[in-house]
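The values are calculated or read from the model by the stated rules, or taken from the named source; none is laboratory data. Quick caveat, the model's predicted, so the values are computed rather than measured. Here the Cβ is made from the backbone with ideal geometry for all residues, glycine too, and neighbour counts use every protein chain on show. Calculation scope for accessible area: heavy atoms of the full protein, side chains included, ligands and nucleic acids excluded. Shrake-Rupley method; radii C 1.70, N 1.55, O 1.52, S 1.80 Å.
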Amino acid sequence: MSAALNTPLSLPDHPTACLALADGTLFYGVGFGATGVAEAELCFNTAMTGYQEIMTDPSYAGQIVTFTFPHIGNTGVTPEDDETADPFAAGMVVKWDPTEPSNWRATEELTKWLARRGRIGIGGVDTRRLTRAIRQQGAPHVAIAHDPEGNFDIAALVEKARAFKGLEGLDLAKEVTCSQSYTWDEMRWAWPDGFPKRTERGHKVVAIDFGAKRNILRCLASAGCDVTVLPATATSEEVLAHNPDGVFLSNGPGDPAATGEYAVPMIKDVLAKDIPVFGICLGHQMLALALGAKTVKMNHGHHGANHPVKDHDTGKVEITSMNHGFAVDSQSLPTGVLETHVSLFDGSNCGLRVDGKPVFSVQYHPEASPGPQDSYYLFERFADAMSKRAEALPA
């Protein structure tokens, strides 16, 4: 409930969690998961499924997620659905308290999983009112607190929210990237065996980990790629030392301009070698920066698994999964860089390609399955580009 309302939403006599916005607005509720306090930017996600994937998506670093769908926790959690080893979202806000799981794949309850992973949850919140506030006023800075005794220092919480620096100018890729390189051979999940291993030789792909999700790497492997993952800070010399057939730029959190200070020079050097390049999300934004375009902070971003995107080349509309608070300014795209995809929600840029070169990227996450297979063609396009380059090279 909000402090401005007098009708609680199934709250106990003494609320055990509090969400404090930087403007002083307070929402009280029932705490679950870890105890303590966390500060972050608040966003909302409209997906009806995939809360575990959302919480473990590195692109949510520095953010607390408000889930607009009320039934969070019903399917429990399973290690197979982790996108990374640990959750990166700082916390979650839900309307109804998570229930016990009712799913044959579940191995643990969401509340216990959050507690074990050190993430705070708050239930019993008017998420519709909160979402409207985010849409109208922009993504606020907040502090979330969970105390089983219900003791909150409200002034201190509001001050923590106001002290949060925000995501503009913040390089978070360094905080979520891998510490050293590794290879990846796991492919997409298939019944009944789970995740099969890739055994045949394929295109040598260097994937730059700005916050890569496991399912993205699985899609690359399923598309015929031998994947080597390098940290976000990899130099062009380190990338090209692998003699890659293609370079993949992954998703990730934070301000692309900040991460671009060290990543853009590397991308420019790779582009000069005429190697196929495929980027998504943060990788899309930094590819745009390397090509001479600009990025901007959005009012409340795009977060959900039901975003319609139009492909200018084919006229088709894809239902996509998105998670970004920054966007490429389509008006800043230089000559020779073409806009390929656009959001049907607000007209913002969702894709680009370099005219006459095997270089392209999209803003959304094509490995996700809201379509459910609307966007997988992008991985196949990347593989085809590498095959064509190989055929054109002298024997």
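Data for the structure
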{"read-out": "Residue check, Ala212 closer than 18 Å to Ser181 by Cβ, touching a residue at least 40 places away in the same chain (Cβ under 8 Å), open to solvent by 10 Å² or more (accessible area, probe 1.4 Å) and not in a strand (DSSP E or B)", "value": "yes"}
{"read-out": "Members of segment 378-395 that are within 13 Å of Pro366 (Cβ to Cβ) and open to solvent by 40 Å² or more (accessible area, probe 1.4 Å)", "value": "Glu380, Arg381"}
{"read-out": "Pro98 being at pLDDT 95 or above, outside any strand (DSSP E or B), touching a helix residue (DSSP H, G or I) at 6+ places or on another chain (Cβ under 9 Å) and over 20 Å from Gln136 (Cα atoms)", "value": "no"}
{"read-out": "Search result, residues across segment 194-209 that are closer than 20 Å to Thr84 by Cβ, assigned to a strand (DSSP E or B) and not acidic (Asp, Glu)", "value": "Gly194, Lys197, Val205, Val206, Ala207, Ile208"}
{"read-out": "Selection status of Lys357, farther than 18 Å from Asp374 by Cα, touching a Ser or Thr at 6+ places or on another chain (Cβ under 9 Å), modelled with pLDDT of 95 or more and surrounded by fewer than 22 Cβ atoms within 10 Å (Cβ to Cβ)", "value": "no"}
{"read-out": "In segment 220-245, the residues that are within 15 Å of Arg389 (Cβ to Cβ), open to solvent by 50 Å² or more (accessible area, probe 1.4 Å) and not in a loop (DSSP other than H, G, I, E, B)", "value": "Leu240"}
{"read-out": "Any hit, segment 135-154, residues being touching a Gly at 6+ places or on another chain (Cβ under 7 Å), at pLDDT below 95 and either farther than 22 Å from Gly50 by Cα or open to solvent by 50 Å² or more (accessible area, probe 1.4 Å) (or both)", "value": "no"}
{"read-out": "Index of the failed condition, Phe32 passing every other in (1) of a type in the set (Phe, Trp, Tyr); (2) out of contact with any Ser or Thr (no Cβ under 8 Å at 6 or more places or on another chain); (3) over 30 Å from Pro308 (Cβ atoms)", "value": "(2)"}
{"read-out": "Top-ranked residue of segment 68-95 - restricted to ones that are of a type in the set (A, V, I, L, M, F, W, C) and assigned to a loop (DSSP other than H, G, I, E, B), ranked as farthest from Leu42 (Cα to Cα)", "value": "Ala85"}
{"read-out": "Residue ranges of strands (runs of 3 or more DSSP E) in segment 284-356 with at least 3 members under 27 Å from Glu41 (Cα atoms)", "value": "295-311, 317-328, 349-354"}
{"read-out": "Cβ pairs under 6 Å, 6+ apart, first in segment 347-375 and touching a residue at least 12 places away in the same chain (Cβ under 8 Å), second of a type in the set (S, T, N, Q) and assigned to a loop (DSSP other than H, G, I, E, B)", "value": "Cys350/Gln363; Pro366/Ser375"}
{"read-out": "Some residue of segment 34-52 being farther than 24 Å from Pro253 by Cβ and either in contact (Cβ under 8 Å) with a residue 60 or more places away in the chain or assigned to a strand (DSSP E or B) (or both)", "value": "yes"}
{"read-out": "Subset of segment 228-255 [over 20 Å from the mean Cα position of the chain (by Cα) and of a type in the set (A, V, I, L, M, F, W, C)]", "value": "Ala234, Val239, Leu240, Ala241"}
{"read-out": "Every pair of residues 6+ apart whose Cβ atoms lie under 7 Å, when the first sits in segment 2-27 and is farther than 20 Å from Arg132 by Cβ while the second is part of a loop (DSSP other than H, G, I, E, B) and modelled with pLDDT under 50", "value": "Leu11/Met1"}
